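Trainee: Questions regarding the structure given below will be posed in turn.
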Amino acid sequence: MRKLIECVPNFSEGNNLQVIQQITDTIETVEGVKLLNVDPGKATNRTVVTFVGEPEPLIEAAYLAIQKASKLIDMSKHKGEHPRMGATDVCPLIPISGISMEETAEYAQKLAKRVGEELKIPTYLYESAQPNKGRSNLSVIRSGEYEGFFDKIQREEWKPDFGPAEMNTQTGATCIGARDFLIAYNLNINTKSSRIANRIAFDIREAGRVKREGNPISGPVVNDKNGEPVRIPGRLKHVKAIGWYIEEYGIAQISANLTNFRETPLHIVFEEASKSATERGARITGSELVGLVPLQCLTDAGKYFLEKQGLSSGVDEKTLVQIAIKSMGLDELSPFDPKNRVIEYMLENESDSRLINMTVREFSNETASDSPAPGGGSISALAGALGASLGTMVANLSAGKRGWEDRVSEFSPWAAKGQKLKDELLTLVDEDTRAFDRIMSAFGLPKSTPEERAIRKNAIEEASQYATEIPYKTMQVAYSCIPLLKEMSEKGNPNSLSDVGVAVICIKTAVRGAWFNVLINAKGLDDRKFADKIVSDAKQLLQKNHSECDIIANDIENRLM
């Protein structure tokens, strides 16, 4: 899985579109980063920019954007309704997929250090990137705003984490942090009553509602010993919600913000709101997402609803997403196209999946052509993917077998594991061809001068090492299918025993085929230490795979005789 981070910097300029354009143009110069949204506000005189990418290119793009803003925006002349302290007022990094909050926080710290030291901008860490939790709250850090920071920054307790302890008149100061993804989520109710919508919102939101004596709506507020209102907590942490009436749709809605979708997932908010609505004689008819969402929100929801139905959740990603859409009615008010609403799908490059997106006939014809790629490495990965798919099929058939309803929880995790291995091997089908293309590109580099020849030689060596690592990775992933196939051969649906046998042969073929590619690519490497190590490791893996595959295959054959 790719490591993806979202960056949402807020720049203190919302009126001069040329300035905004120059900043966003800078972001788009970095390869591997995709600009998703630019939202300027005139009253706030502030623009919120959203872009996504892998960690290193993303923080490079963020740095360049902050640098550009520091040259174009003069904070001494800035006026706006929104609290602000600098040209780049705040720059949060948000983990999207394949990366933890802890890792994201480290990248935020790396970016902040560079901004402070190289651009001489006073820089503060906030939220998960800030080790000192006494100053991790953004609103507390920004208190006093630009005008008040000239005095505030002089105090020892407000010394910046990075950069000079002196306010920069033009750029101001900036906050860089790491936080969770915020999901804006609306739930539709079969009523026009905003009062009912608010009651449901109070039921589910973390802040709950104010406690009252007698009548829970109009009774006097109960205060604590300090004179503060006593609150009855809501059901869900990390959820903010309010009810309102939407004239455009003629229905009431609950407008919710999820500030930590990993701890309080989207589907749980839907379920709890549905329960509350039912208790109040209403019904949640559907819901809508505002903006983009991480893929995990939908795949987790798909798994949840399948398991709730007593079915295996080990299905493909597309099915999980569709189950989520239909279960939560995400397409009730308008069409919901995952390609335009899921962050990971927005970042997909069709060339990265050229081969696996072909039809079987197209793939076979491409392989049979006079082009050297796709070759044996891609075919080996495909064989492994087919083996994983067959094992997954047997797991799903076993989970759905009549009379085995009590065993769904036994087979569903195996099916989910098989889906993951299948997807990894499919990725390697294209990656093996890309590795070969890298070698060809390296051989095509100029070699007229000693410097060019040295660069070309290094490029060929690096590309060849990578082309050796990819088939070894294929061997490792394919071998990881063995526990699934062993389990299915011993405990799975007996009517599918022959399918498990074919899967085992596919895995044996995948590993040995990839082994051939390790050998041929390692043969020409200059770094013999690297070559000898990877060949030795691959040979041990090959032997284990052969032995384990043969045991399973022979057992299946004997049982089928």
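Trainee: Do we find a residue being buried (at least 16 other Cβ atoms within 10 Å of the Cβ) and not polar (S, T, N, Q) anywhere in the range 449-458?
Mentor: Looking through the range 449-458, at least one residue is buried (at least 16 other Cβ atoms within 10 Å of the Cβ) and not polar (S, T, N, Q).
Trainee: For the range 35-132, list the strands (runs of 3 or more DSSP E) that sit wholly inside it and hold at least 2 residues that are among the aromatic types (Phe, Trp, Tyr) and in contact with a strand residue (DSSP E or B) (Cβ under 7 Å, 6 or more places away or on another chain); which are they?
Mentor: So the answer is 123-127.
Trainee: Here's a check for you: in the range 157-166, which residue that is part of a loop (DSSP other than H, G, I, E, B) and more than 21 Å from residue 62 (Cα to Cα) is nearest to the chain's Cα centre (by Cα)?
Mentor: Filtering the range 157-166 for residues that are part of a loop (DSSP other than H, G, I, E, B) and more than 21 Å from residue 62 (Cα to Cα), the one nearest to the chain's Cα centre (by Cα) comes out as 159.
To keep it simple, each residue is scored yes or no on (1) farther than 29 Å from residue 266 by Cα; (2) at pLDDT below 90; (3) of a type outside the set (Phe, Trp, Tyr).
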{"residue": "311", "(1), (2), (3)": "no, no, yes"}
{"residue": "318", "(1), (2), (3)": "no, no, yes"}
{"residue": "326", "(1), (2), (3)": "no, no, yes"}
{"residue": "335", "(1), (2), (3)": "no, no, yes"}
{"residue": "341", "(1), (2), (3)": "no, yes, yes"}
{"residue": "355", "(1), (2), (3)": "yes, no, yes"}
{"residue": "363", "(1), (2), (3)": "yes, no, no"}
{"residue": "372", "(1), (2), (3)": "yes, yes, yes"}
{"residue": "383", "(1), (2), (3)": "yes, no, yes"}
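Trainee: Among the candidates 447, 533, which residue alone is over 19 Å from residue 385 (Cβ atoms) and either at pLDDT below 95 or outside any helix (DSSP H, G or I) (or both)?
Mentor: Among 447, 533, only 447 is over 19 Å from residue 385 (Cβ atoms) and either at pLDDT below 95 or outside any helix (DSSP H, G or I) (or both).
Trainee: Residue check: is residue 530 more than 34 Å from the chain's Cα centre (by Cα) and surrounded by fewer than 21 Cβ atoms within 10 Å (Cβ to Cβ)?
Mentor: no
Trainee: Look through 157, 213 and report the one residue that is farther than 22 Å from residue 269 by Cβ and either at pLDDT 90 or above or not assigned by TED's automatic domain parsing to the domain that holds residue 269 (or both).
Mentor: Testing whether each residue is farther than 22 Å from residue 269 by Cβ and either at pLDDT 90 or above or not assigned by TED's automatic domain parsing to the domain that holds residue 269 (or both) leaves just 157.
Trainee: Only one of (1) over 27 Å from residue 39 (Cβ atoms); (2) over 22 Å from the mean Cα position of the chain (by Cα); (3) in contact (Cβ under 8 Å) with a residue 24 or more places away in the chain is not met by residue 275, so which one is it?
Mentor: (3)
Trainee: Let me ask another. I'm trying to understand the selection: among the residues of the range 466-503, which are of a type in the set (D, E, K, R) and buried (at least 22 other Cβ atoms within 10 Å of the Cβ)?
Mentor: Residues satisfying the conditions do not exist here.
Trainee: What tally of residues in the range 217-248 results from selecting those that are surrounded by 14 or more Cβ atoms within 10 Å (Cβ to Cβ), of a type outside the set (Gly, Ala, Ser) and in a loop (DSSP other than H, G, I, E, B)?
Mentor: 3
The values are calculated or read from the model by the stated rules, or taken from the named source; none is laboratory data. Please read these numbers as outputs of a predicted model, since none were measured by experiment. Every residue, glycine as well, gets a Cβ built from its backbone with ideal geometry; the counts of neighbours run over all protein chains shown.
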